[in-house]
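The values are calculated or read from the model by the stated rules, or taken from the named source; none is laboratory data. The structure displayed is predicted, hence computed values, not measured ones. Ideal geometry is used to build each Cβ from the backbone, glycine not excepted, and the neighbour counts take in all protein chains shown. SASA here: full protein model, heavy atoms, side chains in, ligands and nucleic acids out. Shrake-Rupley method; radii C 1.70, N 1.55, O 1.52, S 1.80 Å.
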2 protein chains.
Amino acid sequence: MIVPEPQSAPGEGEAESLDVWGFRDTHFDVSENGHVVIRGNRYELSGKELPRFLPWVREVLEVNLDAREVHTPHYPTEIPEPILPRELLDALKTLLSPAQIDTNGETRLRHGHGHTQEEMYAIKYAQLGRTPDVVVYPDSEEQVTGLVEVTKKHGATLIPYGGGTNVTDALRCFPNERRSIISVDMRRMNRVLWIDRANMLACIQAGAVGRHIMAELKKYGVTMGHEPDSVEFSTLGGWIATNASGMKKNKYGNIEDLVLDVNVVTAAGTLARSSCSPRESVGMDLRRLIFGSEGALGIVTSAVVKIFPLPEAQQYGSVVFPSFEDGFKFMYELTRESTPPASVRLVDNLQFQFGLALKPKSDDALAKLKSRIEKFFVINLKGFQPDRMVACTLVFEGTRAEVQQQQKAVYRIAARHGGLKAGSEGGRRGYQLTYSIAYIRDFLMSYYIIAESFETSVAWSDALDLCANVKRRLVEEYARRKLPGKPFVTARVTQVYRTGVCIYFYFGFYYKGIPNPHEVYLELENVARDEILKSGGSLSHHHGIGKLRRAFLPRIMSGAALQWKRDLKKSLDPDNLFGAGNQDLDVR
Amino acid sequence: MIVPEPQSAPGEGEAESLDVWGFRDTHFDVSENGHVVIRGNRYELSGKELPRFLPWVREVLEVNLDAREVHTPHYPTEIPEPILPRELLDALKTLLSPAQIDTNGETRLRHGHGHTQEEMYAIKYAQLGRTPDVVVYPDSEEQVTGLVEVTKKHGATLIPYGGGTNVTDALRCFPNERRSIISVDMRRMNRVLWIDRANMLACIQAGAVGRHIMAELKKYGVTMGHEPDSVEFSTLGGWIATNASGMKKNKYGNIEDLVLDVNVVTAAGTLARSSCSPRESVGMDLRRLIFGSEGALGIVTSAVVKIFPLPEAQQYGSVVFPSFEDGFKFMYELTRESTPPASVRLVDNLQFQFGLALKPKSDDALAKLKSRIEKFFVINLKGFQPDRMVACTLVFEGTRAEVQQQQKAVYRIAARHGGLKAGSEGGRRGYQLTYSIAYIRDFLMSYYIIAESFETSVAWSDALDLCANVKRRLVEEYARRKLPGKPFVTARVTQVYRTGVCIYFYFGFYYKGIPNPHEVYLELENVARDEILKSGGSLSHHHGIGKLRRAFLPRIMSGAALQWKRDLKKSLDPDNLFGAGNQDLDVR
């Protein structure tokens, strides 16, 4: 049993922005020559100019976007005065050190939202309405227990906070919550408590951030294998509370497959087990309720997770297909005939173009030539159409033999569907892009473009129709509202299962002249969700419900099921101490 | 979407015994020459004499068992008078046809127990105490809903009944239950409702029996892959309610991996979903509570399960190892270096001998010679010791290439640990034996031998010690009580996970002269369970808790967790309509 040292506090270089996504050292910008550039040097694209990006945006949105016309953010917009009775603050001070209690306005503001478009728009151009009244940083399960007791005694409410990357308004506070809201930031509980190599398990505190978990486990030659796109910032506790999905789930499983045990501080005490078994049948498993509980039942303090040896081999790959349908059929057969590689993703044509538009200016004449020759080959000799072709990116992980075998199977099946191997570089670039692309939304918002992603899961046989229906419906509704230019709507398949897929949409539009774009966006997102449900899709594959999607719950489950959830919440947290109000569970 | 025809009712040839395990056409017997024989022709061993069996039993138990001394069963022992008010019976008659209501004593008796040793002893030599007052056979979800309403209106209680194979006293009625007990036998709800080959899903009613599910799906070239040892009799609903594990879980997963959706009639209405997704994050998943709920929350009426194409290739295999420790290390490395085959099981030396003792008399001189030569080779040339050697049995399923590759890996790793390939016949026989061996317990009970199995799951690093501790403790406690002869106690590893294993124990002893052997057994089983928990094992891998193990719950989970379960039950079933009282959930 290995007991790693406590991790040192994150250095200055890891500081995160409060007003936009990500690390403070990174942001998109427009350089003097009018080209988009990513500042900093953290990512592969950092410091590079992207000359094709703005022209492409103008073309797709059919708007005359002017890079000099900036919608200046007013961050922070008004922060409401805290509701924080002296007795409550005194009680917190008895429990915690001064450094563990923060009443600073911007800190409170940051803890009152995640990264939905409406939240990010609100903190820059509108108003959040209500924020936590105090942010606390417990450093032990005992302190979390103490916080729950203080909360109960003083008639307050708690909202757990992990990495702040939520995208379902789960962190958002109710405007009419009159109780004091305590945001419980778990960042100090970030230790890998033990690593058991014999049984391939690790016990990790819930506030540990994905990138730190990866780095810490790597020191011991192991990995948890869980890499959601937010892995740089999101936490183990957040993964459990939202039932997260990792990019490489084909190899390692989703979060519910990875977590064997979990400790949770609830209104009634701590849910804990005396030992942790590989698998068991010991009655209703309450721990399973915590997955997707979105802060409504308690605060996860630690979890026992499966770990894996670092893979002997890792290879990226990419394949281009003549059309989305071809790529989709390839994926389907891949899940039928073979064990899919750790990750396989398929972007549609618009997203493929988006990727090309983000290619940096190359000074390398040889690379330019190579790129032109490849293009000529694909377009002219193979008959691919630039406005139809799509790309599939792949990550292979395992022993060398496994990776080789998977590669063989993948490319064989791909070839049957007109797929052309497009090299590992394209694959690697696709996955790297995920991290830098996350910064683009806040950048575009300053140029009057509002955008957001949303996702679903759906059976194979309904998936293509679902994509087409959602795209068509959004374009129609957008036109019907006479909004400016054209919307940007694109889909990718990000996960495959034997029974279906996860579809991830991006939707955005130019909002200059629209007074309340975040509300218009929300309306259209709800229209898309309606179409998703009509097409057989789920309410969410991995983002969750939060407050954003809770109005749709009656469409997916019976009245008895909804009532069960409410009864259960009422019985387990009768005072609604965990009052985030997600999933319509703010009953008192 | 395929919609299979309703299945015809099981024929006479499928009739099951009421007083003992299994099909009515099969039972162990002693032939005129004093040899054990299995009557009937259903199984491979059926009709064959097993001359070595009784001598071996005498040797192991160190008792002078006389095959002419029979402990004559008095089945059925006293069946209590039903508590069945006329109004309740009338209400049932309004809801159901006469053929769907049974008040026959033996039927009621059969529905009041599963197959624990104390239940089987009770119905033959003692008394059950309380049985259901009426057995009903609903044929639709509507009728189940109606039954719940009738139960509520008339202040009765319900216990769902699937295959009756439970081994945790989960079906047993409380002696002091004064309400009418309605046993809801689900056998009429046995249809495969639809098969969706495109998405590899099937919707199956909860009363469908494992062997029928297999046969029905096979017609369409698919399988669910779930094969618990009770697959001949246990039902889909029972698998979910006990969180069952299938023999081939390495390939297909355990029940919680196989079920995507479930319909449940509860005290508050029907839990149901409008569609079924490959994977989702839509908040706390109530359906997960149903796994392992043991009838305490509602009645499962149907489930959507994953299906798989029938495997292209199936191969059995077996390997003998010099010792249990060698075989165990082989299994450990197998889970480290390779994808384990569909099933891999390791028996200890005593169980290996047990298998040999069940070999039928062979008239085939060549086979005899071959067997002797093999024995000579293993014992004399390879230095295996008959009282130490063990066997591992294997099932490989998949494409031909997969099977070949797995076989290569398995035998390569086995060789490193002194394993000798012992042929596919030995493997096949081992798995076949599972079904006929289930009959042996009732046979032995008539000859004053009481025996039972119990299981646990445990981390790899604790497993060998756990096996040794349990065996030592049972032998010690048995001797301390000055009970006759020696006990029979043996272990096998029946499932492997990356994080640990399932250990399955058999324990039995000769009880002639002991007035209350079923109580002595229970006391010793509890001693074994104490040792299991002390050694880091779980309370159950797949049998469940029921009433048999509920006293141990406070040792595995925190007080808050236990209170949560009770609060949850109280809130979801305030009248305790589902009053089986398993897991200490009989709170009112």
Where the centre of each part is set by its Cα atoms, how far does segment A:1-76 sit from segment A:113-161, in angstrom? 27 Å
Return a whole-number percent for the relative contact order of segment A:243-372, with Cα pairs under 8 Å and 6 or more residues apart as the contact set. 27 percent
R0 = 25 Å: FRET efficiency of residue A:215 with residue A:17, Cβ-based, nearest 0.05? 0.75
Shielding by partners for A:291-297, please: the mean number of other protein chain Cβ atoms within 10 Å of each residue's Cβ. 3
Shielding by other protein chains, A:566-577, mean Cβ within 10 Å: 3
If you bin the C-alpha pair distances of segment A:218-264 every 5 Å from 0, what whole percents do you get? 5, 21, 32, 24, 15, 2
Computed for the protein assembly as shown: size of charge dipole around the Cα centre, +1 on C-beta of each Lys and Arg, -1 on C-beta of each Asp and Glu, debye to nearest 20, value 2080 debye
If one puts a single equal scatterer on every Cα of segment B:124-195 and applies the Debye formula without solvent, what log₁₀ I(q)/I(0) results at q = 0.28 Å⁻¹? -1.35
Given q = 0.21, 0.29 Å⁻¹, what are the Debye log10 I(q)/I(0) values for segment A:476-532, with equal point scatterers placed on the Cα positions and solvent ignored? -0.84, -1.30
proj_area_mean for segment A:187-247 (convex hull on C-alpha atoms), units nm², value 4.0 nm²
Tilt relative to chain A, helix A:460-480 - C-alpha long axis, 0 to 90 degrees, to 10: 90 degrees
Hey, what's the per residue convex hull volume over the C-alpha atoms of segment B:275-330, in cubic angstrom? 238 Å³
All other residues with a Cβ under 12 Å from the Cβ of residue B:66 taken together, and with Lys, Arg as +1 and Asp, Glu as -1, what is their net charge? +2
What number, in percent, do you get for the relative contact order of segment B:23-129 if the mean sequence gap of Cα pairs under 8 Å and at least 6 apart is divided by its residue count? 20 percent
Tail weight of P(r) past 16 Å, computed on alpha-carbon pairs of segment A:1-71, percent: 64 percent
Binned at 10 Å from 0, what are the whole-percent values of the Cα-Cα distance distribution for segment A:415-457, short to long? 21, 30, 33, 15, 1
Using only the alpha-carbon atoms of segment A:418-528 as identical scatterers, what base-10 log of I(q)/I(0) does the Debye formula give at q = 0.10, 0.14, 0.18, 0.21 Å⁻¹? -0.36, -0.69, -1.02, -1.19
I need the fraction of alpha carbon pairs in segment A:443-496 separated by more than 15 Å, rounded to a whole percent. 58 percent
Hey, any idea what Rg/Rh is for segment B:542-588, computing Rh the Kirkwood way over Cα pairs? 0.96
When 1/r is averaged over all different Cα pairs and the result inverted, which Kirkwood radius in Å belongs to segment B:495-588? 15.6 Å
Could you please tell me the mean projected area of the C-alpha convex hull for segment A:339-388, averaged over all directions and given in square nanometres to one decimal? 5.1 nm²
Pairs of alpha carbons in the protein assembly as shown whose separation is greater than 63 Å (percent): 12 percent
Tell me the Kirkwood hydrodynamic radius of chain B in angstroms, computed as one over the mean inverse distance between distinct C-alpha pairs. 25.0 Å
Ordered by number, the residues of segment B:170-213 with at least 40 Å² less accessible area in the assembly than alone (1.4 Å probe) are B:198, B:199
Measure up B:368/B:512; A:152/A:565; A:306/B:306; A:408/B:251; B:48/B:408 against 27 Å on the Cα-Cα distance and list the ones that go over. B:368/B:512; B:48/B:408
List the accessible area buried at the contact between B and A, summed over both sides and calculated with a 1.4 Å probe, in Å² to the nearest 100. 6200 Å²
Suppose a student asked you for the relative contact order of chain A, using Cα pairs under 8 Å spaced at least 6 residues apart; what percent would you report? 16 percent
With Rg from the Cα atoms and Rh as the Kirkwood inverse mean 1/r over Cα pairs, segment B:103-157 has an Rg/Rh of 1.08
Show the residues, 5+ positions off or on another chain, whose built amide H is closer than 5 Å to the amide H of residue B:223. B:308, B:310
If one computes the Cα centroid of segment A:429-488 and of segment A:167-229, what distance in Å separates the two points? 29 Å
Which ³J(HN,Hα) values, rounded to whole Hz and listed in residue order, are derived for segment A:574-584 from phi using the Karplus coefficients 6.51, -1.76 and 1.60 in 6.51 cos²θ - 1.76 cosθ + 1.60 with θ = phi - 60°, glycine and proline given as x? x, 8, 6, 4, 8, x, 4, x, 6, 6, 6
Hey, any idea what % of chain B's accessible area is carbon plus sulfur with a 1.4 Å probe? 51 percent
If you look at just the Cα atoms of segment B:194-316, how large are its Rg and its Dmax in Å? 14.1, 48
Could you work out, for segment B:325-455, what percent of all Cα-Cα pairs fall into each 10 Å distance bin, beginning at 0 Å and stopping at the bin that holds the largest distance? 10, 36, 34, 18, 2, 0
Among A:180, A:147, A:126 the positive-end extreme of the charge dipole of segment A:86-203 (Cβ point charges): A:126
Using only C-alpha positions, report the orientation-averaged shadow area of the convex hull of segment A:146-243, nm², one decimal. 7.4 nm²
Cα→Cβ-extended label distance, 7 Å offset, between residue A:274 and residue B:81, nm: 4.5 nm
Just to confirm, what accessible area per residue do you get for chain B at 1.4 Å probe, in whole Å²? 37 Å²
Leaving out ligands, DNA and RNA but keeping every protein chain, what accessible area does residue B:24 have, in Å² rounded to the nearest 10, with a 1.4 Å probe? 140 Å²
Local charge sum around residue A:358 (other residues, Cβ-Cβ under 10 Å, Lys/Arg +1, Asp/Glu -1)? +4
Determine Rg/Rh for segment A:7-124; Rg is computed over alpha-carbon atoms and Rh is the Kirkwood hydrodynamic estimate from the same atoms. 1.10
Magnitude of the Cβ-charge dipole (Lys and Arg +1, Asp and Glu -1) of segment B:48-194 about the Cα centre, nearest 20 debye, reported as 200 debye
Order B:115, A:542, most accessible first, counting only protein heavy atoms with a 1.4 angstrom probe. A:542, B:115
Spin-label proximity, residue B:385 to segment B:321-361 - amide N less than 18 Å from point 7 Å beyond Cα toward beta carbon: B:321-329, B:348-354
